[in-house]
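Presented below is the structure to which this report refers.
The values are calculated or read from the model by the stated rules, or taken from the named source; none is laboratory data. The structure displayed is predicted, hence computed values, not measured ones. Glycine also receives a Cβ, built like all others from the backbone with ideal geometry; neighbour counts cover every protein chain displayed. What goes into the accessible areas is simple: the full protein's heavy atoms, side chains included, and nothing from ligands, DNA or RNA. Shrake-Rupley method; radii C 1.70, N 1.55, O 1.52, S 1.80 Å.
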Amino acid sequence: MIVSVVSMPEVAVTRTDVAEARRRLATDRFVLVDVVLPGEAREGRPGEPVRARESEPAVAQPDVPSVADQLGLDTEGLDWFGRPDEPPRAEFLGDRAGLVVPVVHEERIVHVHVVVTERFVTSVHRGQPEFVRSFSERLSHEQPSDPVAVLFLLLGQALSSFRRAAVQALLEAEELEDDMFAARRPEQVFRLSNLRRRAALLHHFLRPFLEVTDDVLTRRMLSPAFPQERRRLAREFQTSGRLVLADIESLQEATRRAFASYSSLIAGEQNGVINRLAIVSVIFLPLSFLTGFFGMNFAFLTDELETRDEFWLLAVGLQVLAVLVSLYLLHRTRIWRRLRDDD
């Protein structure tokens, strides 16, 4: 277990042990404690939520104290704190608030567990220390005035990770759609499938979290005791959440449109092939008819058509005439011109 303590509002980051973090949580007026639990995230496909390794237990063992117990926090209602595979949540527990926040990390979605009071903010996650470093940099620029402001900064950081992932995937989908009009390749369908799945995962993890946070924040803002500054932060978070959700829905729409464009282009190519087959059929159908007609053993054909001139006139002349008439009809119906334009 790796524990980092951020002294606020000076934003002084120190690496310490659990005992020191517990002491700081009990005595400091304003502190942020971040806990990185051991165990790397297992390998998986892009967009798959991070889970513990197969060797790690899904729940804490009875004889092993929970993260909340080790940090000296009130464990009532915090049995989920630090436990893997917890779904997104947002709940107020009297003078505390607990959240499980989804965050996009590289190609996967992880969950950060957060408990906030009027004096401190504690967060727990497995691996992914880059998020902590970027969050610390933002803290040094913003310099929040209280733990609740720190919480909303963390929530904003989580929304930013979803926004970056959605915008990046949206740009890739747009580039794929542009490339399709130049050349169609099978790998484009595979990349589009991955983008569509990524959009579905982003929507699947963010929407429930926004729903529970909107419900909790709306009820809190209805209370007259809720401070005005926190009302402003809550409204900003709700507005940002709707905008990020709109970006993800735009990504979903872009992937659907790209698939429709690919299908339309393939259908256009197939129509061109069918038109070419139709032209060949128009040319050779009269020839097949003449060949079959003169191949029949009627008495007139076998007894009367005896000279070489008659053979060339009927057997070859009629076929040349049929080809010329077919080409004339094709030219008059502008089929050649449409095929040339398609090419």
* What residue, among those in the range 10-23 that are surrounded by 15 or more Cβ atoms within 10 Å (Cβ to Cβ) and not in a strand (DSSP E or B), is farthest from the chain's Cα centre (by Cα)? -> R22
* **Selection from the range 136-151 of residues that are over 20 Å from A97 (Cβ atoms) and open to solvent by less than 50 Å² (accessible area, probe 1.4 Å)** => S136
* Structure fact -> Note: among P57, P38, P87, just one is of a type outside the set (A, V, I, L, M, F, W, C) and either at pLDDT 85 or above or open to solvent by less than 20 Å² (accessible area, probe 1.4 Å) (or both), namely P87
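Among the residues of the range 239-263, which ones are closer than 21 Å to F162 by Cα and open to solvent by less than 20 Å² (accessible area, probe 1.4 Å)?
Across the range 239-263, the qualifying residues are G241, V244, I248, L251, A254, T255.
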* Structure fact -> Listed by first then second residue, the pairs whose first member lies in the range 265-291 and is surrounded by 12 or more Cβ atoms within 10 Å (Cβ to Cβ), whose partner is at pLDDT 75 or above and not in a helix (DSSP H, G or I), with beta carbons under 7 Å and at least 6 positions apart or on separate chains, are L265/R184; I266/R184
* Given V110, V150, which one is among the β-branched types (V, I, T) and outside any strand (DSSP E or B)? -> V150
* Mind checking whether some residue in the range 121-128 is open to solvent by 20 Å² or more (accessible area, probe 1.4 Å), modelled with pLDDT under 85 and not hydroxyl-bearing (S, T, Y)? -> yes
* Asked: Somewhere in the range 175-190, is a residue modelled with pLDDT of 85 or more and closer than 23 Å to H111 by Cβ?
  -> no
* Can we say E229 is part of a helix (DSSP H, G or I) and closer than 29 Å to H113 by Cβ? -> yes
* Which numbered condition E174 fails, given (1) part of a helix (DSSP H, G or I); (2) crowded, with 17+ Cβ neighbours inside 10 Å -> (2)
* To do: Scan the range 158-166 and give yes if some residue there is part of a helix (DSSP H, G or I), among the small types (G, A, S) and over 15 Å from the mean Cα position of the chain (by Cα), otherwise no.
  => yes
* Asked: Got a number for residues in the range 190-231 being exposed (fewer than 12 other Cβ atoms within 10 Å of the Cβ), over 22 Å from the mean Cα position of the chain (by Cα) and farther than 24 Å from P87 by Cα?
  -> 6
